[in-house]
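Below is one structure, written out as structure tokens; the observations come after it.
Only the coordinates and a few stated rules stand behind these numbers; no lab work does. What you see is a predicted model; the values in this text were computed from it and never measured. A quick note on method: Cβ atoms are made from the backbone with ideal geometry, for glycine too, and the neighbour counts reach across all protein chains shown.
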Amino acid sequence: MLQPKTEADLAALIAGRTAPLRIIGGGTRDVGAPVKGEVLSLRGLSGIVDYEPGAMTLVVKAGTSLAEVDAALAQEGQRLAFEPADWRALLGTTGEPTVGGMVAANVSGPRRVAVGACRDFLLGLRFVDGRGRVLKNGGRVMKNVTGYDLVKLMAGSWGSLGAMTEASFKVLAKPAAEVTLVKSGLSAQDGVHALTQALGTPYDVSGAAWVGVGRQGEARVRLEGLPGSVAYRREALLNVLGAGWDAVSAEPSAALWREVRDVTPFVGRAGTVWRVSVKPTDGPRLLEALGAEEALLDWGGGLVWLLMPEGQDGGEAAVRAALRPLGGHATLMRGAAELRSRIAVFQPEAPAVATLAAAIRREFDPNSIFNAGIMG
């Protein structure tokens, strides 16, 4: 295993290299087609470079654990507002999630409906490309002065464009109070209707999910902020949603959203796990087309987590056929390595998009050494 300690060491290691590399951070997000090559661990590039609570900015090395980041932010009453998920239990992995892995997968939790994704909080980053060059983009302000918006390209690239060394983020204050409104016994259709109602109000909903068991499930709507504001918005929202909703506050409320964030209903369950993005109102239609008995709908219904039978193709044909008339895209998040080596793990790209993506990869990784083939 290669484990450089500095950015300069990493650049020297990569310069002139043609043999493939498998980039890992904490090794907790085993997603994508299996990658061959010598393991390049970025855990040696660890530590908080600069944190300015007053400016709400954080600069951190890519190999830094999220636990360390969360602890430092918590001391100042702040957080990464996009609510990054911890998929270790879901995927059956160990280790510690890192900043680089989070950015590479653009990991964004339930609060995305209110504040945006991981990439929206990235102010800048540094990485080493396939030629061994150290590239940087952005800084501590939302400004891009290069030909490429590298922040947007690297977030969600799964390590296929370069080896990240450092990232800077905008952080936000933790709210003083939160409450979750919960209603059980709702079909997916009725649940998403309620979520749509809630999101359509002016009451700053920061989470909207439906957790299904069988053909019925539980709708959850979250409010956060100052105690007085949360109390007012809770009552106003109940007037919109109607009767039958219970209110859960503080830590019990937070636990409900960790369950959604980390997809814990599927932990330890046999089968493949698919992550599907559709229009929110199409989430129930997708479940109906698949005859899905259990699912988790986040982002108001727009993010669908599916537990599918392993079968010959892990449910790929059924998922993609059901998705075809709806649009959107599907990713196999959990499946055996053998399965991931022979099916399309990520949504197949349209020809024009595939051509553009290939050209970008050639620009940053001309010898195809970084996580080659991970995205198909």
Per-residue HN-Hα couplings for segment 31-42, Karplus 6.51 cos²θ - 1.76 cosθ + 1.60 at θ = phi - 60°, whole Hz, x for Gly and Pro? 10, x, 5, x, 10, 9, x, 5, 6, 10, 8, 9
List residues of segment 179-201, by number, whose backbone nitrogen lies under 15 Å from a label position 7 Å along Cα→C-beta of residue 231. 179
Give the long-range amide H neighbours of residue 137: residues separated by 5 or more places, or on another chain, with amide H under 5 Å away, using H modelled in the peptide plane at 1.01 Å from N. 125
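Starting from the Kirkwood radius over alpha-carbon pairs of segment 7-173, derive D by Stokes-Einstein at 25 °C in a medium of 0.890 mPa s and give it in µm² s⁻¹. Write down the numbers at each step before the final one.
Numbers: Rh = 16.1 Å.
Result for D is 153 µm²/s.
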With the label point 7 Å along the Cα-to-beta-carbon line of residue 243 and a cut-off under 11 Å to each amide N, the hits in segment 169-193 are none
Please check which bits of segment 80-113 a label hung off residue 329 would reach, taking the label as a point 7 Å along Cα-to-C-beta and the cut-off as backbone N under 16 Å. 104-108
Expressed in nanometres to one decimal, the distance between label points 7 Å along Cα→Cβ at residue 8 and residue 115 is 3.7
Can you tell me which of 78-89, 333-344, 297-308 comes out highest on packing, and rank the rest after it, using the mean Cβ neighbours within 10 Å? 297-308, 78-89, 333-344
So what's the net charge close to residue 271: Lys and Arg +1, Asp and Glu -1, counting the other residues with Cβ under 9 Å from its Cβ? +1
Size-normalised alpha-carbon gyration radius of segment 177-262, reference 2.2 N^0.38 Å: 1.00
What is the helix-to-structure angle for 351-364, meaning the angle in degrees between its Cα long axis and the longest Cα principal axis of the chain, kept from 0 to 90 and rounded to the nearest 10? 50
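Residue separation times 0.36 nm, minus the C-alpha to C-alpha distance between residue 270 and residue 184: what's the value? Walk me through the intermediate numbers first.
Working: separation 86, 0.36 × 86 = 30.96 nm, distance 2.51 nm.
Separation in residues times 0.36 nm, less the Cα-Cα distance, equals 28.5 nm.
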Please tell me the relative contact order of the chain in percent, rounded to the nearest whole number, where contacts are Cα pairs under 8 Å and at least six residues apart. 20
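Calculate, in nm to one decimal, what residue 201 and residue 52 gain on full extension: separation in residues at 0.36 nm each, minus their alpha carbon distance. List each step's numbers first, then the result.
Values: separation 149, 0.36 × 149 = 53.64 nm, distance 3.42 nm.
My answer for the length gained is 50.2 nm.
To the nearest 20 debye, what is the magnitude of the charge dipole of the chain about its Cα centre, counting +1 on the Cβ of each Lys and Arg and -1 on the Cβ of each Asp and Glu?
780
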Residue-averaged 222 nm ellipticity for the chain, from DSSP H runs of 4+ at -39500 (n - 2.57), nearest 500: -8000 deg cm²/dmol
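Would you mind computing Rg(Cα) / (2.2 N^0.38 Å) for the chain, counting N as its residues? Walk me through the intermediate numbers first.
On the way: Rg = 20.9 Å, N = 376, 2.2 N^0.38 = 20.9 Å.
The value comes to 1.00.
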